[in-house]
Amino acid sequence: MLMRVDWIICPKDRRCAIDGGKQRENKPDAGAIYFRHEFTVCGGDLTGGVSLDLSGLGYATAFINGKRVGDMVLEPCQSDYSKRVYHRVHDVTGYLREGSNCIGIVACGGFYNSKVDTIWGYDNLPFQDAIKVRAELRSVDGVRQIDATSANGWRTTPDGPIVYSQVRSGETYDARLEMNGWSNVGFDDSSWVDAHFGTPPGGVLAEATFPPCRIVDSLLPNERRTAEFDGRRGELFTFGRSISGVAKLCIRGAAGTVVTLRYGDKLDCSGGFMQSNLTDPIFEEFQTDRYILKGEGVEEWSAEFVWHGFQFIFAEIDGNATLEEITALETRTDFARAGEFVSSDLILNTLARNNENAFLCNFVGVPTDCPTREKRCWSGDALIAHESGMYSFDAAMNYGAFFDCFAEEQYCSGAVPPVLHTAMLENGCGPAGVGPAWDGAFILMAWTHYLFTGDSSRLRRDYGAYCKLVDFYLKNICEADSLIVNKGLSDWWPPPFVQRPPVALTSTVYFYAMVKTLSKIASLTGHSDDVGYYDSVADRVKDSFNREFYKGDGIFGAGNLASISCPIYWGLVDDRAVAEKGIAHILNILKQEGYRSLFGILGAVGVCRLLGEEGYADELYSIFTQREYPGWAWQIDQGATSLWECWDGHASCMHVMFGDPLACLYRYFAGIRPDEAGAGFAKVTIRPLCPKKLDWVRAYHDTPYGRIVSQWNRSEDGIVFNVTVPNGVACTFEYNTIMQPLVAGVNEIVVKNQRLSV
C-alpha cells in the first residue's frame, strides 16, 4: 500500500455559492472541493504496477502529476449511499515516477449532496452530508511509504474554478479562479487548509466492475442562428439528434465575460428555444451551465460533474467575447453493442434507432426515466425498457448492479421503493411504492435477465427478497378476500382523450405476473414447496380478476385496448374462446381507429406483445408505422430522434417509458426469442413474423454462446430465411405451421406456398 485515506472532507464550507447569478444562502458545498497530497515513491513500488482505488461522494475525478486519471466521467455511479457506495479501480502505473509525486482529486456533490429543491425532496435525503473522497494507491511489489490512513498531509480548498455544480441545474466555472499546477509537485497550497475526516457514508463499499460512463461521441451543430429566449438575445445551436451530455465551449474574449448555455430537447411552435416542457418539478434554474472567461486567448471548457438532455443549446454572452464554436459531447454508459435490427422499412429502422437512443440517453450509470428533469431510477420505466436494452447492448453487468441495489434498498416491510437510490419520496407514494407495474420490476426484470444471460445466481440470492415483496402485498395491499390490488398508476399517460383502465385492473394484472414469475423462480431455485403455494395465490388472483373485470363477450374493464390486452397477454384468461373474442375486439378497435396508439405505457406492452404472440404481423406493423397522432411514426414525422414521455411531446422528448417497440422488433419481426427451457439462449426459437409490407429483415444478437443471426428476404414466390446458430445452441425454426430444427452454422430455409426446403 503506497497510500490510503478514508473519507476526508474540506472543513471550509462555502456558504454562498453562485447559482445562476444569484446568491444562495445556507447551501454549503454547492461547488467542487479540491484535494491534493504529495508523496514519495521508490522504484520498487512501480515494479508490479500501481492501481488507484477511488471513490467520491458524490462524484470525483483524480489527477496524478497533472494528468487526468482515465477517461471515465460521472464516477462513482450513484446509489443509495446509506446502503452501497461504489468505488472504481484504475491502473495508474504510467502516471507515477520514482521520487516525488502528487495526487489531486476534485469532487462534487452529485446526488449525494444535492442542493437543488424539487417536488421530490431530494435535497432532504437522509444520507446527505459534506462532499468527501476516499483513495488508495496500491503497489503490487512495493511497501507502504506513507501511512495516510489519517488525513495528515492532505490539503483542501473549496475556492477553485467550479463554483457551482448541481446535477439538476448545471455547472458554473469561473476560469479566473483556476489554480494552475494544483495537482503537480511543488504547487503552493499555503492558502489551502488541512483536510479532516468526515463521517463514513454508511453504505458498504462495492467495487464497480460494470461499464462506466464516458464521453462516447462529439457532435458539431448542423445549424447555428441568432435567436431570442425569455427576452434575451443569443445564438441557437441545433445538433440533429437528442443526446445526454454537455457542451464543449470554444470562445475568446475579455476576462469576466459570462457565457450562459441553456439546454433543451425541443423547440416551440415558432422554432424558438424552450425549456418549459421540462421544468415543472424544478424550483430553481434548470439545465444551465455558465463559463466566466479569464481573458487569455482561445478558451475551451466543458462541464465536469453534470449532464443534460438536449438537442438544442441557447447561448448568450454577457460581456465582450466571440463564440468560436460549441460542440456537443455525448455522455452516457459506454455499452458495447450486442445486437441490431434493420429492415426494408425506413420508419421501422428509425423507430429502432430512436428506441436505442432513448435507452442510451437514459443510462448514465443507472437506468433512468429522463436525462433532463429527474434523472431518477423509476423502476417501471426500467422494466419496460429492459428487454430492448438487453437485445441491443451488453448491459448485463450494469443491470446486475441495479438488481444489487434493488435488493439492498428493500424496506424491512418487504416493500420496495418505486424510485431507486432515493430512500424517500415526498409525493405521496410512500414506502409501498406505486403499484405492481413498478414494484414488480424487482421480480420481472430479474427473470428476464436470467433468460438472456443464463445466470441464476441473483435469483437464488434474492429469492427471499422476492417472497418478502409478494408477502407484503398479500398482507398490506391486496384486498383480503379477493387479492385485488387497488393501488398504482394504471396505464400511465395514454392520449388525453383515452380513458385509462381502472387502477385495480392493471395493478392486479401485474401482481399476478409477479406471483406467477415468483413461482417459476421457486421451481428453478429448488424451493419446490413454495411452487404450489404461489401457484394457488396466482389462481386466486386470476379468479378474482375475472369476476371483477370480465364484462362478457371478451370485454374487460373499460373495454379499451389496454383493458383487454393486458390480462390476455399476461395470462389471466384461460378460456381460449374468451381470449379470441377479446383479441377480435382489439383488432376491430385498431382497424376503426387507423391503428393509432390509443394506450399508455402498460397498454403499449399489452397490445403490441399480444399481437406479436398471436401472429398478427400486419397489424403490429401498422401500429409501428401509421403516421397519424398518436403513434411512434407520427412522432418521427415531428422530428423525434428519441422516444417521448407522452404521445404529443408536451413533456420530455427523451424518455424511455414507451421503450418496448425495439424488443418487439427483435422478438417478432426477426423472431429471436430466448426459451425458458434453455436460458441464456442455450435453447432458442426463431419464430419470425413477416408483414406483407416488409421486404426483408436482418437482426443479430450476441448471446453467451455466440452470435445468432436471423434474416429473411421476400421473393416473388416465397420467403428465404437465413439463420445462423452458434455452437452448443438448440435452435428450432417456426413459421406458421412449419417447425424445423436447425444445426450450428448457417441454415437456409425457403418457404414457397407453405412448402419447406432446407
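None of the figures in this text is laboratory data; all of them are computed from the coordinates on show. All values derive from a computational prediction rather than experimental measurement. Cβ coordinates were reconstructed from backbone atoms using ideal geometry, including for glycine residues, and neighbour counts include every protein chain displayed.
Below, the figures for the structure above:
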item	result
Long-range HN-HN contacts of GLY110 with modeled amide H, under 5 Å	GLY58, TYR59, VAL167
Angle in degrees between helix 463-472 and the longest Cα principal axis of the chain, rounded to the nearest 10	70 degrees
Inter-site label distance for THR322 and ASN753 at 7 Å from Cα along Cβ, in nm	7.5 nm
About the Cα centre, charge dipole magnitude for the chain (Lys/Arg +1, Asp/Glu -1 at Cβ), debye	600 debye
DSSP beta bridges in the chain [antiparallel fraction, %, rounded to 5]	95 percent
Euclidean distance of C-alpha centroids, the stretch 79-111 and the stretch 551-572, integer Å	53 Å
Residue pairs, from the table LYS520/LYS551; LYS475/LYS542; LYS115/LYS487; LYS83/LYS115; LYS520/LYS581; LYS294/LYS375, whose Cα atoms sit over 24 Å apart	LYS520/LYS551; LYS115/LYS487; LYS520/LYS581; LYS294/LYS375
Packing rank of 343-353, 294-304, where each peptide gets the mean count of other beta carbons within 10 Å, highest leading	343-353, 294-304
Karplus 3J(HN,Hα) series, Hz, for the stretch 216-225 with 6.51 cos²θ - 1.76 cosθ + 1.60 (x for Gly, Pro)	9, 6, 10, 10, 7, x, 9, 8, 9, 8
Lys/Arg +1, Asp/Glu -1 at C-beta; the chain dipole; positive extreme among HIS701, TRP438, PHE229	HIS701
Between 0 and 90°, nearest 10: helix 601-614 axis offset from the chain longest Cα axis	40 degrees
Whole-number percent relative contact order across the chain, with pairs defined as alpha carbons under 8 Å at least 6 apart	11 percent
Gain in span if fully extended, ARG627 to GLU296, counting 0.36 nm per residue against the direct Cα distance	113.9 nm
Listed values [x] 31.1; [y] 56.6; [z] 34.0, entry calculated as mean projected area of the Cα convex hull in nm²	[z]
For the stretch 552-569, 3J(HN,Hα) per residue [Karplus equation, 6.51 cos²θ - 1.76 cosθ + 1.60, θ = phi - 60°, Hz, x = Gly/Pro]	x, 6, x, 9, 10, x, 6, x, 9, 4, 5, 4, 8, 6, 4, x, 5, 4
Gained length - THR525 relative to VAL193, 0.36 nm times residue gap less alpha-carbon distance	114.0 nm
Whole-Hz couplings from phi, Karplus 6.51/-1.76/1.60, listed for the stretch 379-389; x for Gly and Pro	5, x, 4, 4, 4, 5, 8, 4, 5, 4, x
Reach of LYS752 by Cα under 18 Å, taken over lysines that are not fewer than 8 positions away in the same chain	LYS692, LYS693
For peptides 519-526, 219-226, sequence by mean Cβ density within 10 Å, most packed first	519-526, 219-226
Stretchable slack from ASN222 to GLU716, in nm (0.36 nm times residue separation minus alpha-carbon distance)	173.6 nm
Highest to lowest packing among 555-564, 642-651, 354-363, scored as the average C-beta count within 10 Å	354-363, 555-564, 642-651
Helix axis angle, 528-549 relative to the chain longest principal axis, alpha carbon, degrees	70 degrees
Nonlocal amide H pairs with VAL50, under 5 Å, H built at 1.01 Å	VAL92, THR93
Under 12 Å from LYS516, Cα to Cα: aspartates and glutamates that are on another chain or at least 8 residues apart	ASP530, ASP535, ASP539
Unit charges at the beta carbon, dipole of the stretch 339-669: most positive-side option, TYR534, ILE636, CYS412	CYS412
Whether the stretch 582-680 is rounded, prolate or oblate, judged on the alpha carbon gyration tensor where a/c under 1.5 counts as rounded	oblate
For ARG540, net neighbour charge (Lys/Arg +1, Asp/Glu -1) across residues whose Cβ lies under 14 Å away	-4
Amide N of the stretch 676-698 lying under 12 Å from the label point, which is placed 7 angstrom from the Cα of ALA744 along Cα→Cβ	none
Set of aspartates and glutamates with alpha-carbon distance to LYS12 below 13 Å, sequence-local pairs under 8 removed	ASP29, ASP159, ASP194
